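S.K.: Just dropping this structure here.
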Amino acid sequence: MYTTLITAPQLQELMASGAPLCVMDCSFDLMKPEAGQAQFEGEHIPGSIYVHLDHHLSEKSSTAQRASGGRHPLPSRETFATRLGALGLGNGMQAVVLDRQAITTSGRLWWMLKWCGHEAVAVLDGGLAAWKAAGGAVASGPALPLPPASFALKEPLARTVSAQELSGALGRAEQTVVDARAAVRFRGETEPLDPVAGHIPGALNRPFSDNAMPDGRFKPAAQLRLEFERLLAGRDPASVVHQCGSGVSAVPNLLAMEIAGLGRTRLYPGSWSEWCNTPGLPVAQG
């Protein structure tokens, strides 16, 4: 079972073995929401399916079926389980997720599957570029749909924190907020997506892009551990709550900490887009 990362050669071996497998491509551009599907149809791993951030990994239509706030609200676990089954993922399958955007949207799917109790999910390290560099074949055109499967919810293997819980623990040792947005957004110098610039008071800043090497693969585990320990400066890794703008690009930091052997930490799914739109919650800049 692969539970964090899988390399392109490992995925090739898994595909050749005939083991139950679902490869899910989550490529997505926040500024051009339909660009990801066009990228997928241009070239993708044969047999993979396309998973859309807005249509599959968020709930933007029914507030009653949401599990969080923010620009990309989580669907309820029940709603998401139904979508997974319709996509063709069953409980007995190994899931492999990838994207072309530095493990942002694929990280979201990785985390959501853990949240639904599915441990057998791994991110393709380096994404499609690594697959092609390893000699992997590519296909083009729309995805060939998989047969519907049964996906039953299990106990969550990932934990969330709500805005109320986070605000109630501000400044306490048992909570360390890590913001994955770019430094200029964190400091409040610019805000291209949300109505208020700044960050949650007391948060630390680690842009999600800091986890990757130039070729798009994650840095070695020992290097990630050193960098996070330097960031935390003695704080307990178990106290960490990850956030970003809308709960998507925070996950590479969460995954990086797990790769580094620092445990599976918590996520604030609503993130800055929920926080800055909630009356009464404090904002810091600088």
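S.K.: Report which label in [x] 51, 43, 35; [y] 45, 39, 37; [z] 67, 42, 34 holds the value of Cα extents along the principal axes in Å derived from the coordinates of this structure.
M.R.: The value computed from this structure is option [x].
S.K.: Would you work out which of G136, V177, T190 lies farthest towards the positive end of the dipole of the stretch 134-197? Charges go on Cβ: Lys and Arg +1, Asp and Glu -1.
M.R.: Projecting each Cα onto the dipole axis, the largest value belongs to G136.
S.K.: Show which aspartates and glutamates lie in cross-link reach of K60 when reach means a straight Cα distance below 15 angstrom and same-chain residues fewer than eight apart are skipped.
M.R.: E274
S.K.: From the C-alpha gyration tensor of the stretch 41-191, pull out the three semi-axes of the equivalent ellipsoid (sqrt of 5λ each), sorted largest to smallest, in whole Å. If you can, show how the numbers build up before the last one.
M.R.: Details: eigenvalues 171, 90, 44 Å².
Each semi-axis is the square root of five times an eigenvalue, giving 29, 21, 15 Å.
S.K.: Related question: I'd like to compare 32-45, 106-119, 247-260: which one has the highest average count of other Cβ atoms within 10 Å, and what's the full order after that? Mind showing how you got there, number by number?
M.R.: Working: 32-45: 16.9, 106-119: 24.2, 247-260: 25.9.
Most protected by this proxy first, the peptides run 247-260, 106-119, 32-45.
S.K.: Considering Cα pairs under 8 angstrom that are at least six residues apart, work out the relative contact order of the chain and quote it in whole percent. The partial results should precede the final answer.
M.R.: Working: 606 pairs, mean separation 61.0, N = 286.
Once normalised by length, the contact order is 21 percent.
S.K.: Also: Expressed in nm to one decimal, what extension gain is obtained for the pair E165 and E119 from 0.36 nm per residue of sequence separation less their Cα-Cα distance? Could the numbers behind the result be given before it?
M.R.: On the way: separation 46, 0.36 × 46 = 16.56 nm, distance 2.58 nm.
Between E165 and E119, full extension yields 14.0 nm more.
S.K.: So, in Å, what gap is there between the alpha-carbon centers of the stretch 222-253 and the stretch 41-84?
M.R.: After rounding, the separation between the Cα centres reads 25 Å.
S.K.: Which percent of the accessible heavy-atom area of the stretch 132-286 goes to carbon and sulfur, probe 1.4 angstrom? Before the final figure, lay out the partial values.
M.R.: Numbers: 3960 of 7150 Å².
In the stretch 132-286, the share of accessible area belonging to carbon and sulfur is 55 percent.
S.K.: I'd like the orientation of helix 221-232 relative to the chain: the angle between its Cα long axis and the longest Cα principal axis, in ° from 0 to 90, rounded to 10.
M.R.: 20 degrees
S.K.: Report the paramagnetic label zone for A134: residues of the stretch 204-234 whose backbone N is under 20 Å from a point 7 Å from Cα along the Cα-to-Cβ axis.
M.R.: Within reach of a label on A134: 212-222.
S.K.: On to the next question. With angles folded into 0 to 90 degrees, how steeply does helix 77-87 sit against the dominant principal axis of the chain? Use alpha carbons for both and round to 10.
M.R.: With rounding to tens, the tilt is 30 degrees.
S.K.: Could you tell me what percent of the accessible area of the stretch 1-48 is made up of carbon and sulfur, with a 1.4 Å probe and every protein chain present? Spell out each step's value before the answer.
M.R.: Working: 1290 of 2320 Å².
Carbon with sulfur: 56 percent of the solvent-accessible area.
S.K.: Rounded, prolate or oblate: which one fits the stretch 1-126, using the alpha carbon gyration tensor with axes a ≥ b ≥ c (rounded when a/c is under 1.5, else prolate when a/b beats b/c, else oblate)?
M.R.: oblate
S.K.: Using a 1.4 angstrom probe on the protein heavy atoms only, could you order M31, M93, M24 from most to least accessible area? Display every interim value, and only then the final one.
M.R.: Values: M31 130, M93 40, M24 0 Å².
From most exposed to least exposed: M31, M93, M24.
S.K.: Moving on to the next point. Less than 29 Å apart at the alpha-carbon level, and either on another chain or at least 8 residues along: which lysines does that give for K132?
M.R.: Leaving aside lysines fewer than 8 places away in the same chain, those within reach of K132 are K32, K114, K219.
S.K.: How high is the relative contact order of the stretch 1-58? Use alpha-carbon pairs under 8 Å, at least six apart in sequence, and give a whole percent. Working shown, then result.
M.R.: Details: 43 pairs, mean separation 18.0, N = 58.
Once divided by the residue count of the stretch 1-58, the mean separation gives 31 percent.
S.K.: Can you give the relative contact order of the stretch 48-181 as a percent, counting alpha carbon pairs under 8 Å and 6+ residues apart?
M.R.: Values: 160 pairs, mean separation 35.9, N = 134.
Result for the stretch 48-181 is 27 percent.
S.K.: I've got another one for you. Where Rh is the Kirkwood radius over the Cα pairs of the stretch 204-286, the temperature 25 °C and the viscosity 0.890 mPa s, what D in µm²/s does Stokes-Einstein return? Kindly include the intermediate steps, with their values, before the conclusion.
M.R.: On the way: Rh = 13.6 Å.
It comes out at roughly 181 µm²/s.
S.K.: What number comes out for accessible area per residue over the stretch 185-286 if the probe is 1.4 Å? Units Å², please. Let's see the in-between values first.
M.R.: Values: 4020 Å² over 102 residues.
Using a 1.4 Å probe on heavy atoms only, each residue of the stretch 185-286 averages 39 Å².
S.K.: Choose one of S167, N253, H44: the residue whose Cα lies farthest towards the positive end of the charge dipole of the chain (beta-carbon charges +1 Lys, Arg; -1 Asp, Glu; about the Cα centre).
M.R.: S167
S.K.: From the Cα gyration tensor of the stretch 113-208, with a ≥ b ≥ c the square roots of its eigenvalues, which class applies: rounded if a/c is under 1.5, or else prolate if a/b is larger than b/c, or else oblate?
M.R.: Numbers: a/c = 2.54, a/b = 1.54, b/c = 1.65.
Here the stretch 113-208 falls in the oblate category.
S.K.: Also, quick follow-up: Give me the dipole magnitude in Debye, nearest 20, for the chain about the Cα centre, with unit charges on the beta carbon: positive for Lys and Arg, negative for Asp and Glu. List each step's numbers first, then the result.
M.R.: Numbers: 24 positive and 26 negative charges, 74 e Å.
In debye, rounded to 20, the chain gives about 360.
S.K.: Listed highest first by mean packing, meaning other Cβ atoms within 10 Å per residue, what order do 263-274, 213-224 come in? Don't skip to the end; give the middle numbers.
M.R.: Details: 263-274: 23.7, 213-224: 14.8.
Highest mean packing first, the order is 263-274, 213-224.
S.K.: Along the charge dipole of the chain, Cβ charges K/R +1 and D/E -1, which of P237, T63, A86 sits furthest on the positive end?
M.R.: Farthest towards the positive end: P237.
S.K.: Compute, for the stretch 84-200, the length of the dipole vector about the Cα centre, with Cβ point charges of +1 (Lys, Arg) and -1 (Asp, Glu) only. Units Debye, rounded to 20. Don't jump to the answer; show the numbers that get you there.
M.R.: Values: 10 positive and 10 negative charges, 37 e Å.
Value, rounded to 20: 180 debye.
The values are calculated or read from the model by the stated rules, or taken from the named source; none is laboratory data. Quantities reported herein were computed from a predicted structural model and do not represent experimental measurements. Neighbour counts run over all protein chains shown; Cβ positions are idealised from the backbone, glycine included. All accessible areas refer to the heavy atoms of the entire protein, side chains included, with ligands and DNA or RNA removed. Shrake-Rupley method; radii C 1.70, N 1.55, O 1.52, S 1.80 Å.
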